[in-house]
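Report on the following structure.
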Amino acid sequence: MNQQQQALLSPETVLEAFNKNGVTHVVSLPDSETNWLYQLMKADPTLTIIPVSREGQAVSTAAGLAVGGKKPVVLIQNTGMMEAGDSIRGWGLGLKTPVVLMIGYRGWTRHGVNSASDVANFTEPFLNALGIHYYLVETNDDASRISVAFEEAERTRRPVAVLVGDEYHGFNR
Amino acid sequence: MFNAADMFRVFQKHRGNAVVIPGRGARHWNSISTNPKRDIPLGDPAMGGHASFAFGLAEAQPNERVVLFDSEGDLLMNLGALATIAEIKPRNFYHFLMDNDCYATTGGQPVPNSRNISYSGIAREAGYPSTYFFDDLEELANKIEMILDQPGPVFVHMKIVPEIENEPIGSRRRWQTRTLDEVLRDIKETLGVAAQ
């Protein structure tokens, strides 16, 4: 691992945050950038991965797990977050589901220069429209915000989002 | 086809201690169930999510038998849930589907390809190990004990007589006897899940 990679958000850091916060299930629709995190999660005997095929399905699954006493986290991308809007509203906010939504911030550039239709333009306005509080995590130095999000979700009984602003390379080695 | 209320009366005799998510059948089930603290009538949080919610609950509570009464319009919005359920194969999950060919609560408009589609066929090909189809209540009554005695996931496709509603939503009779908060509080207390 070179110096540049060390400064990024490592999959071990994300997994450590899951374990620290008692996550039992990762409800996930993976993408190519999270494959290394996926391998780590699969190897962790304390985690069960629930594969879904659409992001709205992830939120209602997490709601059922939470009502049953488990601690799910939803791992999706911002494109799918928008597809999941009604599910976040109904199964997340409606059932007061205390769940962290880990969302790959596809298109995040820090300087805001994107094409008009880039999903990054709509990610934060979308969360604001639903009243979902969110935290941006780009490097290992930001990782403590993941635990803040878990604590906030439990305290407020609402979904809380973590935007992973390192999506293009953070989970790869 | 058979009536939803008649079907629920048959199911009630075999319900045992199961946790029941009655879906859009809740307005009938509420007056038939003898164990409401183990019922989870959610109304309609967001269409397309009942199967995933019930699956999540079954996964979280493997020692509880979880019975879902889904509807075809809801399932069609998220057919991928069948693949997830078939992969995880929760042995305590019983997935009943009430298929009335239409969107009854919005006036009875037909569901896409409603007369020809086979939901039990879709579930079987998705990987459910046991699937059934019933359009005769007596046949269901004869097999329901066997169905509930076998390990899940089980999928039961039932043809149900539509009860089409044309009243404006604000004028419809309220069937709920508990708020959503009360429903969730009751089931968590019953299952021994710490209040959140």
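Name the residues in region A:10-61 that are part of a helix (DSSP H, G or I) and among the polar types (S, T, N, Q), would you?
Listed by number, the residues that qualify are A:Thr13, A:Asn19, A:Ser32, A:Thr34, A:Asn35, A:Gln39, A:Gln57, A:Ser60, A:Thr61.
Which residues, taken from region B:62-92, are part of a helix (DSSP H, G or I), closer than 19 Å to B:Phe11 by Cβ and either away from every other protein chain (no Cβ under 11 Å) or in contact with an Asp or Glu (Cβ under 8 Å, 6 or more places away or on another chain) (or both)? Walk me through it before giving the result.
Of all residues in region B:62-92, those part of a helix (DSSP H, G or I) come to B:72-76, B:80-88.
From what is left, the residues that are closer than 19 Å to B:Phe11 by Cβ are B:72, B:74-75.
B:Glu72, B:Leu75 - these are the residues of region B:62-92 that are part of a helix (DSSP H, G or I), closer than 19 Å to B:Phe11 by Cβ and either away from every other protein chain (no Cβ under 11 Å) or in contact with an Asp or Glu (Cβ under 8 Å, 6 or more places away or on another chain) (or both).
Which one of the conditions (1) more than 8 Å from every other protein chain (Cβ to nearest Cβ); (2) within 14 Å of the chain's Cα centre (by Cα); (3) buried (at least 19 other Cβ atoms within 10 Å of the Cβ) does B:Leu57 fail to meet, given that it meets all the rest?
The single condition B:Leu57 does not satisfy is (1).
Mind checking which residues of region A:83-117 are without any contact (Cβ under 8 Å) to a residue 60 or more places away in the chain and surrounded by 15 or more Cβ atoms within 10 Å (Cβ to Cβ)?
A:Glu83, A:Ala84, A:Gly85, A:Asp86, A:Ser87, A:Arg89, A:Gly90, A:Trp91, A:Gly94, A:Leu95, A:Gly107, A:Trp108
Among the residues of region A:124-166, write down those that are at pLDDT 95 or above and among the charged types (D, E, K, R).
Hits for region A:124-166 are A:Glu124, A:Arg145, A:Glu151, A:Glu152, A:Glu154, A:Arg155, A:Arg157, A:Arg158.
Going through region B:101-126 one residue at a time, which ones are free of Cβ contacts under 8 Å to residues at least 40 places away in the same chain, crowded, with 16+ Cβ neighbours inside 10 Å and under 21 Å from B:Asp44 (Cα atoms)?
B:Tyr103, B:Val111
Taking only pairs six or more apart or across chains, which ones have beta-carbon atoms under 7 Å, a first residue in region A:37-50 that is in contact (Cβ under 8 Å) with a residue 24 or more places away in the chain, and a second residue that is outside any strand (DSSP E or B) and aromatic (Phe, Trp, Tyr)?
A:Leu37/A:Phe171; A:Leu47/A:Phe18
The values are calculated or read from the model by the stated rules, or taken from the named source; none is laboratory data. It should be emphasised that the depicted structure is a prediction, and the values quoted were computed from it without experimental measurement. Positions of Cβ are generated from backbone atoms using ideal geometry, with glycine treated the same way; all protein chains shown enter the neighbour counts.
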